[in-house]
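Written below as structure tokens is the structure these notes are about.
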Ligand code: FUB
């Protein structure tokens, strides 16, 4: 029984983006380094340098490490911290999206392209023009139009872009103001650039009122994921300092999304970060905790479990 057990045990891994490509399940996680670092709110302890990809045909067997697909030394614009990635197979190519700090210390989002999930990958020489912050999630809709959702506050810098330019003094708004929103942009057909200025993904409460910054159990923090179930878009994310995975739904990819509930209650460790995927007719939640390191924040391990929907489309809350 592999559910809720560390899936990758020969190295630390986090931020699992699980995607089906050519009928097989691939996991694109971050690779946590086994180094000693003090934790802080800026996330300096997450000093990752490369990515591996994993194949998991059989959910009762550990995934197979297909090897390193990208290292920061091969991406000219990157200075450090290769954080949570995602990937999609589209028109015969795999597009791998990853955030990292540029040479000025700002998080940007890059793309690397391959013919197969295991690579070889060719990174673009520059990040996506006008990209910022972290945690890209690429969603390809039924009409083959793709959207990139992204963002994360605090160490992920999204709250420093409120004015449209980077403000090093920026932060979360006062508690009674609207929360900082995750961003979404339609991608060009070549999947390498935004086709539009990124828009806010607004999450509203049951009365249709946007969530406030002080609503820490519900407001967006980081780790966006978009999937579609029964013609409804599900926008799910981490609430960061309240450590939950939560979700909201909409009939429009751009939102507004209506708050629904909790997918996963807090795990061992500060962060969790997830993806949701349908594979061979079942739905799965991939996430991480710190079981292998007994709770060291930056030494995480990927896990998965079965996800259940009720007949009304709501998700059954999971407890780790
Ligand atoms: O793994 C580094 C960062 O930690 C990710 O980008 C966030 O989502 C959080 O999991």
**Q.** strands (runs of 3 or more DSSP E) wholly inside segment 4-119 containing at least 1 residues that are on the phi > 0 side of the Ramachandran plot, buried (at least 20 other Cβ atoms within 10 Å of the Cβ) and touching a strand residue (DSSP E or B) at 6+ places or on another chain (Cβ under 6 Å)
**A.** 12-21
Q: Among the strands (runs of 3 or more DSSP E) lying completely within segment 225-320, list those that include at least 1 residues that are more than 14 Å from the chain's Cα centre (by Cα) and under 26 Å from residue 10 (Cβ atoms).
A: 257-264, 275-279, 282-289, 301-306
Q) Within segment 55-69, is there a residue that is within 16 Å of the ligand (Cβ to nearest atom), in contact (Cβ under 8 Å) with a residue 24 or more places away in the chain and under 20 Å from the mean Cα position of the chain (by Cα)? A) no
Q: Please go through segment 206-224 and pick out each residue that is assigned to a loop (DSSP other than H, G, I, E, B) and touching a residue at least 60 places away in the same chain (Cβ under 8 Å).
A: 220, 221
(Q) Looking only at segment 120-134, filter to residues that are in contact with a helix residue (DSSP H, G or I) (Cβ under 7 Å, 6 or more places away or on another chain) and not in a strand (DSSP E or B); which one of those is surrounded by the most Cβ atoms within 10 Å (Cβ to Cβ)? (A) 134
Q | Restricting segment 283-315 to residues that are away from the ligand (no atom under 16 Å from the Cβ) and more than 18 Å from residue 7 (Cβ to Cβ), the residue that is surrounded by the most Cβ atoms within 10 Å (Cβ to Cβ) | A | 315
Q. Is at least one residue of segment 152-165 surrounded by 19 or more Cβ atoms within 10 Å (Cβ to Cβ), free of Cβ contacts under 8 Å to residues at least 60 places away in the same chain and either in contact with a helix residue (DSSP H, G or I) (Cβ under 9 Å, 6 or more places away or on another chain) or closer than 25 Å to residue 93 by Cβ (or both)?
A. no
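Each reported figure results from applying straightforward, stated rules to the coordinates on display, with no laboratory input. As the structure is a computational prediction, the values presented were derived from the model and not from experiment. Counting neighbours? That spans all protein chains shown, and the Cβs are built from the backbone with ideal geometry, glycine included.
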